[in-house]
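A quick write-up on the structure given underneath.
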Amino acid sequence: MKKLYTHGLVLALLFITQTVWAQQPVYHRISVKISPEKLEYLFNHGLEADHFGYENKQDFTAEVSEQDVALIKRNGHRVTYLIKDLAKNYAAINREIDRQAAQVQRNARAATTTPTNFSLGSYAGYYSFAELPGILDQMRALYPNLITVKTSIGNSNGGRPIYMIKISDNPDVDENEPELLLNALHHAREPMSISQLIYFMWFVMENYNSDKEIKTLLNSSEIYIVPCLNPDGYVYNQTTNPGGGGLWRKNRRANADGSFGVDLNRNYSYNYARDNTGSSPTTTSDTYRGTAAFSEPETAALRTFAAQRQFVTAFNYHSYGNYCIYPFESLNPNSNAELTNFRNAATYLTAENGFKIGNAFETVGYTANGTAPDWQFGEQVAKSKIYGFTPEIGASTDGFWPASSRILPLCQSMVAMNTKLLRLSTFYGRATATSPTTASSTAASLAYSFQNFGIKPASYTVSATSLNAAVAAVGPANIHSGLGFLATTPGSITYTVAASTPAGAQLSFELSVDNGLSVIKDTVNVLYSPSCGTPVGLASSGVSETGATLSWSTVAGAANYLVSVKPKNTTTWPADISVSGTTYTQTALANGTDYDWRVKPNCGNYAQASFKTLTQTCFVEVGGQVTFEAENYKTAIAGTGAAAGLAWSPLSVSTASGGVTMTIANTTNINVQNSLVGPRLDYSVNFVTTGTYYIWVRMAAGVNGIYDDSFHLGLDGATPVTLSPNLTNYNNGSAAWTWIKAAGTTAFRVVITAPGLHTINLWMREDGVQVDKLVMTTSTTYTPTGTGPATSGSCSNPALLASRSRQAAEVIQEPGAALEVLAYPNPFAESVTIKTTPNGQNRTIRLLSSDGRVYHQSMMDGTATEETMSTRIIPGGVYLLEVIRDNQRKVVPVVKQ
């Protein structure tokens with residue numbers, strides 16, 4: 001009786017144990033503050049958190065079992081529960097996520113890449129195992145030319161089929177094309193892996209006829225797909241948690257001790273059972289590796305299948321973590337002989353979705369042995385070498401069961417990565433046209449850069465075909481072979497343009513890449529722009545403080561020219577200005593500034609030259625008097641005609657004011673009488689006071705010549721104000737400094753009728769004269785002595801400028817003829833328009849900077865109502881727009897943006 005009782009007790013305990021081991025474990029989302037050393041200790045002593053976050057070397061977040069929570073607590077760490085009993089609460093958590101997503105989605109566009117035939121499944125948005133065969137049958141019915149009828153590579157422990165299909169351009173034919181393997185659901189609680197795979201299958205088939213890249217990839221490869229490797233564990237989760245959220249991971253192997261399940265991703269042969277950290281010998285562990293490598297029918301089926309094929313690459317989809325993991329997962333440090341290849345490939349694959357790359361230790365933080373990628377790459381005897389990767393899809397906030405509203409975004413995050421794996425797996429290369437995309441002669445070349453995307457070297461033929469009659473002939477194709485993964489190389493194909501092709505015609509080509517299995521073509525357009533040459537004879541003339549006239553020689557065949565001007569200290573050229581002739585006048589420049597300019601014919605190349613605007617030398621009249629040194633000229637102009645080649649130049653003279661005087665550069669005798677062909681000096685003076693000014697000139701005779709020493713004076717380039725040449729506008733050849741005012745009894749004088757900037761002109765009339773200083777005064781009684789008064793202030797002097805601006809702003813009104821000025825737009829950018837009231841009198845318009853620099857000066861016709869000033873290249877800032885009419889002046893502040 002006792003024996004029976006004992007036997008019954010054992011049976012009862014066994015039943016209870018089996019029930020516990022068979023049911024869903026309880027998992028929690030927790031947070032723990034823990035150091036790296038203590039976390040490593042926990043992993044080495046049984047912690048089985050296969051997905052987690054670890055920030056700042058202390059914040060550990062994971063979804064772990066009750067046993068793991070107990071282990072953490074036993075080692076003295078405080079556990080914070082973020083979500084208790086995940087399976088129980090997943091539905092409520094995901095409902096809230098879906099509610100928030102729906103609110104956002106109402107204002108967002110639907111993703112344009114979603115395949116038409118893709119829809120969410122009945123299992124919390126995921127597909128039930130029962131729905132899978134129907135989806136595969138639908139694919140075959142819609143795309144029999146791209147996908148095979150579903151078959152099985154074997155059965156699971158529970159006798160369920162492990163479905164397999166192939167996608168290719170001739171799916172029912174075993175062609176000699178590179179092969180790749182895509183599989184999902186090694187782990188039963190990771191339904192996102194199959195959802196994104198189904199999504200991508202629909203994506204490539206629906207886009208096959210419209211996307212030339214997808215077509216080339218499917219024409220050049222055979223894609224073998226195992227969408228559910230662990231049907232038993234997946235169905236078990238559906239049974240225990242029909243609303244989603246089941247957290248069973250392993251298959252449903254009935255272990256000898258009454259527990260259930262083997263971790264399929266610890267059951268492969270390479271480095272199988274290397275240690276008890278990367279996999280577990282304990283049957284109840286989530287990472288239990290089984291009794292031997294390939295002990296499970298699911299992994300054994302995949303092994304047999306791989307031995308029958310020649311897979312180049314594999315994606316073993318998992319979730320979660322946003323990782324791209326590569327071999328060896330079982331090693332730290334990683335001694336993979338092709339580590340560089342794997343790193344380069346993973347970096348390339350994740351460029352769009354930003355997944356973290358590395359082996360298991362570098363990504364999830366622990367080693368894992370007996371995994372699919374390690375076996376795929378490490379075992380190269382019974383099967384071919386396979387470049388295997390593990391994409392872990394979804395963030396830690398998504399967990400194992402992302403909300404249904406997250407399924408589409410996560411599927412879309414994998415499209416680029418999956419497409420890139422197809423490129424990497426087969427023979428795929430692209431030729432991209434490079435500069436120049438113009439042809440300058442009938443004999444030209446189409447330049448391109450070729451890049452290989454296949455991980456195995458291949459041979460590619462790059463050729464070009466003309467798409468219009470403008471190209472008479474195209475040269476031979478090029479062969480590119482032996483290139484490494486992502487390696488690039490330049491290439492070019494010659495062609496001949498038909499002689500009758502007009503300039504400006506578009507030449508169209510088809511640039512093709514043939515990998516031996518498929519051809520991909522890109523259209524390239526080239527502009528036919530035969531060169532008619534480069535301009536020569538670049539020159540700048542009429543250079544002033546604010547402008548210059550640019551000229552060049554005619555280029556035969558040119559219909560027009562493109563000109564642009566920029567300050568030398570800048571790197572960006574402004575937009576070209578088109579001109580029909582061979583001259584261009586640039587205005588609105590800054591004074592004393594170096595400029596570069598360039599010009600090209602419409603059918604040729606740029607030529608470039610430089611010039612410098614004149615430095616503003618300007619003096620301000622105050623109280624009816626202004627004084628300036630002869631050497632402070634604004635412009636020096638060489639002589640012409642009988643005085644050709646003669647020019648003023650500074651000469652050091654100790655007795656001169658400032659120690660410098662102006663004289664001609666040589667002693668050639670000249671006698672130009674009243675002709676204005678002698679060398680000339682110009683002086684800028686800003687007059688505030690109008691009226692008659694008497695001009696005093698301090699001068700001395702130079703080396704005695706056969707002619708007397710004399711000069712002409714003038715205003716604004718007009719007829720000189722000197723008298724007849726037989727009168728005494730000189731000092732009788734005396735070498736002593738003399739102040740000259742009168743010719744006989746009549747004074748030199750000019751009449752300033754309008755205030756503002758004027759130019760005083762000094763022409764050489766006869767040889768030998770030295771000029772030291774000039775004084776202009778409205779006084780009829782003033783006579784300078786010695787070296788004369790001090791030089792007047794510069795226009796750029798802030799105090800004088802402020803005074804001048806205040807005076808300029810005062811408008812002297814004539815009865816019934818007020819001067820009205822409007823500037824628009826204000827602020828301005830490329831130009832500003834000045835509108836004034838016409839009264840028949842011409843108006844002077846000037847644009848001045850705050851430091852007195854003149855950026856523009858022009859004369860507006862007396863009948864015009866407005867004038868537009870180009871301000872394209874003047875710098876931004878505050879300016880004064882000055883308008884002068886007779887004895888009226890108005891100043892308007894304006895701003896250049």
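Quick note: the coordinates plus some simple rules give every number you see, no bench work behind them. Since we're looking at a predicted model, the values are computed, not measured. Please note: Cβ atoms are built from the backbone with ideal geometry, for glycine as well, and neighbour counts cover all protein chains shown.
Before moving on, here are some points about what is shown:
- Cα-projected label distance for E830 with L120, points at 7 Å along beta-carbon direction, nm: 5.2
- Remark: E362, E298, E177, E55 ranked as E55, E362, E177, E298, counting other beta-carbon atoms within 10 Å and listing the fewest first.
- For the stretch 342-431: relative contact order, % (alpha-carbon pairs under 8 angstrom, 6 or more apart): 31
- Degrees separating the helix 339-349 axis from the principal Cα axis of the chain, which is the longest one: 70
- Listed peptides 272-280, 391-399, 369-377, 565-573 appear in the order 369-377, 391-399, 272-280, 565-573 once ranked by packing, highest mean of other Cβ atoms within 10 Å at the front.
- Label-point separation, H45 to K57 (7 Å along Cα→Cβ), nm: 2.2
- Counted by Cβ distance under 11 Å from K568, the other residues give a net charge of 0, where Lys and Arg count +1 and Asp and Glu count -1.
- Rg/Rh ratio calculated on Cα atoms of the stretch 370-436 (Kirkwood radius): 1.14
- Between the Cα long axis of helix 231-240 and the first principal axis of the chain there is an angle of about 90°, rounded to the nearest 10.
- Size descriptors for the chain, from the alpha-carbon set: Rg then Dmax equal 45.3, 161 Å.
- Bridge orientation summary for the chain: considering DSSP beta bridges with both residues in this region, about 85 percent are antiparallel.
- P(r) weight above 13 Å for the stretch 543-612, C-alpha pairs, percent: 62
- Axis angle, to the nearest 10 degrees, between helix 2-22 and the longest C-alpha principal axis of the chain: 20 degrees.
- Qualifying lysines (Cα of each under 16 Å from Cα of K612; at least 8 residues distant if same chain): K566, K568, K634
- The relative contact order of the chain comes to 7 percent, based on Cα pairs under 8 Å that sit 6 or more residues apart.
- The stretch between M859 and V622, if pulled fully straight at 0.36 nm per residue, gains 82.8 nm over its current Cα-Cα span.
- Sequence ranges 163-170, 322-329, 819-826, ranked by mean other-Cβ count within 10 angstrom, highest first: 322-329, 163-170, 819-826
- Pairwise FRET efficiency - S580 versus V149, Cβ, R0 = 45 Å, nearest 0.05: 0.05
- Packing, taken as the mean count of other beta carbons within 10 Å per residue, orders the peptides 521-532, 342-353, 480-491 from highest to lowest as 342-353, 521-532, 480-491.
- Rg(Cα)/(2.2 N^0.38 Å) for the stretch 519-662, N = residue count: 1.53
- Spin-label zone in the stretch 580-601 - amide nitrogen under 16 Å from a point set 7 Å from the Cα of T438 along the C-beta vector: 598-601
- Using C-alpha pairs below 8 Å separated by at least 6 residues, the relative contact order for the stretch 429-528 is 34 percent.
- Those aspartates and glutamates that a straight Cα-Cα span of less than 18 Å connects to K385, excepting residues fewer than 8 apart in one chain: E177, E179, E222, E329, E338, D374
- Anchor K890: lysines whose Cα lies under 20 Å away (excluding residues fewer than 8 positions away in-chain): K835
- For the pair E131 and D85, label points projected 7 Å from Cα toward Cβ lie 2.7 nm apart.
- Descending principal axes extents, the stretch 495-548, alpha-carbon based, whole Å: 69, 29, 14
- 3J(HN,Hα) from dihedral phi, the stretch 328-338, Karplus parametrisation 6.51/-1.76/1.60, rounded to Hz, x for glycine, proline: 9, 6, 8, 10, 8, x, 7, 9, 4, 5, 10
- Calculated P(r) tail over 19 Å for the stretch 172-223, as whole % of Cα pairs: 40
- Residues W696, W739 arranged by fewest to most Cβ contacts within 10 Å: W739, W696
- Cβ-to-Cβ counts within 10 Å put K835, K150 in ascending order as K835, K150, the fewest first.
- Annotation: amide H of A314 within the under-5 Å range of L181, Y387, G388, F389, sequence separation 5 or more or interchain, hydrogens built in the peptide plane.
- For the chain, calculated [θ]222 nm from helices alone, where every DSSP H run of n ≥ 4 adds -39500 (n - 2.57): -6000 deg cm²/dmol
- Over 35 Å [Cα-Cα, the stretch 131-425], rounded percent: 11
- Between the beta carbons of S335 and L486, assuming R0 = 22 Å, the FRET efficiency works out to 0.40 to the nearest 0.05.
- Kirkwood hydrodynamic radius (C-alpha pairs) into Stokes-Einstein, the stretch 429-528, 4 °C and 1.567 mPa s, D in µm²/s: 94
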